[in-house]
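As structure tokens, the structure follows; a few thoughts come after it.
Nothing in this text is a laboratory measurement; each read-out follows from the coordinates by a stated rule. These figures come from a predicted structure and were not determined experimentally. For neighbour counting, all protein chains shown are included, and Cβ atoms are generated from backbone atoms with ideal geometry for every residue, glycine included.
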Amino acid sequence: MKLFPVRGGIHPDYRKERTSEGAIVALPLPKALYLPLQQHIGAPAEPVVKAGDAVKKGQLLAKGAGAVSAPTHAPTSGIISAITEVAAPHPSGLAQLTIVLQPDGKDEWAELPAALDPSTASPEDIRARVAECGIVGMGGATFPSAVKLGLGTQKPIETLLLNGAECEPYLTCDDRVMREYAAEVVDGARIMARALGAAKIVVGIETNKPAALAAMTEAAKTFADVEVVGVPVQYPMGSERHLVQAITGLETPARKLTADLGVVVHNVGTARAVHDAVRFGRPLIARVVTVSGGAVAKPQNLEVPLGTLVSELVAFCGGLTEPPRRIVNGGPMMGQPLPSLDVPVIKGTCGILALTAVETNEQPVGPCIRCGTCVTICPCGLVPVEMASYIRKDNLEAAATAGVTDCVSCGSCSYICPSHIPLVHYFNYAKGALAAQGREQRKQDKTKELVEIHNDRVEKLAQAKREAAAAKKAAAAAAAAAQVETPQ
Amino acid sequence: MMTYTDKSGPFTHAATSVSKTMNTVLLALVPATLFDIWLFGWPALFLFAITIGACMGAEALCLNWAGKPLKPTLCDGSAALTGWLLAMSLPPWAPWWIAVLGAVFAIPLAKHVFGGLGQNVFNPAMVARVALLVSFPVQMTLFVLPHPMFATGSPGFMEALSITFGTGTLDSMSAASALGFIKTELSRGVPVAESIKQVPSLMDLASGVRIGSMGETSAVLVLLGGLVLLARRIISWHIPVTVLGTLFIMGTLFNAVDPTRFTPGWFHLMSGATFLGAFFIATDYVTSPVSKQGQLVYGIGIGLLTWVIRTFAGYPEGMAFAVLLMNSLTPIIDQHFRPRMFGRTRKGQPLPLKGE
């Protein structure tokens, strides 16, 4: 298949070999599971159980609230011990409402919804099942998948692009899933394509995963509508817009979706989850997590019940051999730092990395020497050096004009900067500040509108009063005039 | 357990650093420099050492004065590189005070008044060279014939000390560089086509056994260093190719029109500091545009200005002036020549959807 060039990009040290050759290992059930109500983008789920309830594996614990939300299910059978605030897997370490489940060790399944036959099920039924099973984007974005599968109802979708690029260093969970569950992934993709009304499926896999490419090609060979494509090893190839460009040659316009071009992108892990949900009625209650990094004794891929504490994963992998400089949730390029190991694995947790100081290679920040490498490698065609200098002066307006809101925070510029300037940190700050400004502006506009309406109403009342007074006066004057006239 | 959440990712970093970049550039200059020191003997070595030493000293003083830490900036090789390039643009037997004064122009005046590393608008080494050339035209244009080290007739160690630090015996040995010779002959009414036959042959220009400042001789070794920088991806082709290409095209074109008045393209490439300028001076990160498009414009500008100054102005060599003039345009070039943003038109509007 002819591929298309993508601008910029970098070739980081991938360090995938540490975990890519071992099979996925199922993590034993931990003592407690912590299931946050917010494991996805959108409104938090609403609990339907209370402390003390006995639940079975796969039973609904919290239901989705609103159009963009996702439910949460019990990863095993047990007792709900509390619904309380627990530290979230987020850099802030702030607490969020979480359902705490004590497993009873029986791992008894609840009654699951009946299997659907994908060849006869309607797209609506498939989407309803995906929503019911709490499936979200498992590449880390955690956008509710059913909403994304509904894009076919708004726009004609030609292609489902299955993202197996896995361009982040260290991470191999998608690689292993494609190798070990290729048939399931292909089946899930075909179900998703049906929900979308897409006639064609393309699976994009970076060529540094030859075994996954082979397994997926083998699994797809009986289906004429599925094509498996090796894409260049070039970070950030897994970025939705860039992968679409590499495979279709289409460039998604700013502020539009790939769906506007007739392409919807889903992660391979999501496809596997959809397969389980549609074929077996199983909700999303576990996921594969890459546990790696130089400080981990035995790096490997684990199949983890959602809600397991990160510390349990690390302990299962032989613990830490040295104090890590950073604990990262996700990949080293775009992942989030974690304040501690006592936070749960959620639906979007694709990796847990304990990185040593040597691996993070953090150096004191030096002055920019304008080498221009950040400009050359920016996959979004931005000028990071210029945006950073605006943001340093807090000139957010100029930074916005320079395109900071188009930045995908892929981290390529920070990675390559010889002066170790944390460019993405600047950009994330600016994006946050600009969003806050936007909210404030909308609030002010709304207030202004309300004040104007109020003033209008007051003015109208005053006007009416004046008119009434004038009319009264005129009437009085007329009456007086009439009285004066009468004696004559 | 204590981990850090003070900044956003990435949490891995390429093995790049400012000092690594600077050191690669210095290494690329080594072959040409060694050759030049051999070619012009002990005085050249002294001048070279004094220039770099003075630049490092000036950098240390400025950093100290500004209350900045000495070690990171002094050790990253940027001041040494400035000194190195300045030394290569001086007549090899220039007196010590030329070197020291040059360092004063380059480091405090051209670099630190703007805020130090990365902040200067003009290339420090070229500011120093031009300031010296304008202030001390005699000392800056006294070139000697090659006096290879240890050869008979070349100054020994003690004699060299007196050349660099004393009054010296330069007057009797002064000569003109190829560019200067042709300019003088032309002003005397000798057509270029005649005078060019008397300058060293192309081979001699290439091998570098000829008159000139250190960076003007050994064109081939400088080119080699430039190719190393290209191969190590310290620089990209955009600036050198446009500088050399423009200079060559302008020379060839005008020489074809009037060979008595204009020197040919190959002569422009092989004489003066063309290669040093194209690969090492014009490519200075700090003072050149950051985008590839901008670099093309900048390189064409330097090539064009160099040709204009060499051909029409009073100075035989125009590279330093051309670089400084284009340095002043760098901020404007950066504003107007930028990559197209993903999903947007050149003007920054979102790309139209098909059928829109």
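Quick test of your reading: applying the under-4.7 Å Cβ rule, which cysteines of chain A are isolated? A:133, A:167, A:173, A:317, A:350, A:368, A:371, A:378, A:380, A:407, A:410, A:417 - these cysteines have no disulfide-compatible partner (Cβ-Cβ under 4.7 Å) in chain A.
Summing -39500 (n - 2.57) over the DSSP H runs of n ≥ 4 in the protein assembly as shown and dividing by its residue number, what mean residue ellipticity at 222 nm do you reach, to the nearest 500 deg cm²/dmol?
Taken over the protein assembly as shown, the calculation gives -14000 deg cm²/dmol.
In summary, the aspartates and glutamates within cross-link reach of residue B:71, defined as a Cα separation below 13 angstrom excluding same-chain residues under 8 places away, comprise B:59. Between the amide H of residue A:81 and those of A:52, A:100, A:101, A:102, distances stay under 5 Å, these residues lying 5 or more places away or on another chain, with hydrogens modeled in the peptide plane.
As an equivalent ellipsoid, chain A spans semi-axes of 49, 31, 26 angstrom, where each value is the square root of five times an eigenvalue of the C-alpha gyration tensor, largest first. Between the Cα long axis of helix B:178-187 and the first principal axis of chain B there is an angle of about 70°, rounded to the nearest 10.
Taking other residues whose beta carbon is less than 15 angstrom from the beta carbon of residue A:292, and scoring Lys, Arg as +1 and Asp, Glu as -1, yields -2.
Using the Cα centre of chain A as the reference point, and only Cβ charges (+1 on K/R, -1 on D/E), how large is the resulting charge dipole? Debye, rounded to the nearest 20. Write out the running numbers ahead of the final one.
On the way: 48 positive and 48 negative charges, 188 e Å.
Its charge dipole is roughly 900 debye.
Once backbone amide H atoms are built at 1.01 Å from N, residue A:57 has A:77, A:108, A:109, A:110 as its partners under 5 Å, excluding neighbours fewer than 5 places away on the same chain. Across q = 0.24 Å⁻¹, the stretch A:382-432 modelled as identical point scatterers on its alpha-carbon atoms has Debye log10 I(q)/I(0) values of -0.81, in the order of the q list.
Sequentially through the stretch A:149-163, phi angles give Karplus couplings (6.51, -1.76, 1.60; θ = phi - 60°) of 6, x, 4, x, 7, 9, 9, x, 10, 8, 10, 9, 9, 8, 8 Hz, Gly and Pro residues having no value and appearing as x.
Please compare each pair in A:347/B:292; A:155/A:431; A:63/A:155; A:16/B:68; B:111/B:292; A:256/A:460 to a cut-off of 32 Å on the Cα-Cα distance and tell me which ones are over it. Where the Cα-Cα span goes over 32 Å, the pairs concerned are A:347/B:292; A:16/B:68; A:256/A:460. Couplings 3J(HN,Hα) for the stretch A:450-464, derived from phi with the Karplus relation 6.51 cos²θ - 1.76 cosθ + 1.60 (θ = phi - 60°), are 5, 4, 5, 4, 4, 4, 4, 5, 4, 4, 4, 4, 4, 4, 4 Hz, where x marks Gly and Pro.
Distant-in-sequence amide contacts of residue A:227, defined by a placed amide H-H separation under 5 Å and a gap of 5 or more residues or a different chain, comprise A:201, A:202, A:203. With K and R counted +1 and D and E -1, the other residues having a Cβ less than 11 Å from that of residue A:155 yield a net charge of -1.
Per residue of A:373-383, how many C-beta atoms from partner chains lie within 10 Å of its own C-beta, taken as a mean?
Details: counts 7, 1, 10, 6, 0, 3, 1, 5, 8, 4, 7.
The shielding value for this peptide is 5.
Stretching the chain fully between residue A:110 and residue A:394 yields a gain of 96.8 nm (0.36 nm per residue, less the alpha carbon separation). Residue-wise HN-Hα couplings along the stretch A:388-397, as the Karplus relation 6.51 cos²θ - 1.76 cosθ + 1.60 with θ = phi - 60° gives them from phi, are 5, 6, 5, 5, 4, 8, 6, 8, 5, 4 Hz; Gly and Pro carry x.
Cross-link partners for residue A:298 among the aspartates and glutamates, with Cα-Cα distance under 17 Å and sequence neighbours closer than 8 places in the same chain left out: A:17, A:21, A:312, A:322, A:359. Chain B has equivalent-ellipsoid semi-axes of 36, 29, 17 Å, by the square roots of 5 times the alpha carbon gyration tensor eigenvalues, sorted largest first. Among residues other than residue A:205 with Cβ under 12 Å from its Cβ, the summed charge is -3 (Lys and Arg +1, Asp and Glu -1). For the stretch A:308-375, the share of alpha carbon pairs falling in successive 5 Å distance bins from zero is 3, 15, 22, 22, 13, 10, 6, 6, 4, 0 percent.
Distance from the Cα centroid of the stretch A:425-443 to that of the stretch B:327-356 is 23 Å (rounded to whole angstrom).
The Rg/Rh ratio of the protein assembly as shown, with both radii computed over alpha carbons and Rh defined as the Kirkwood radius, is 1.13.
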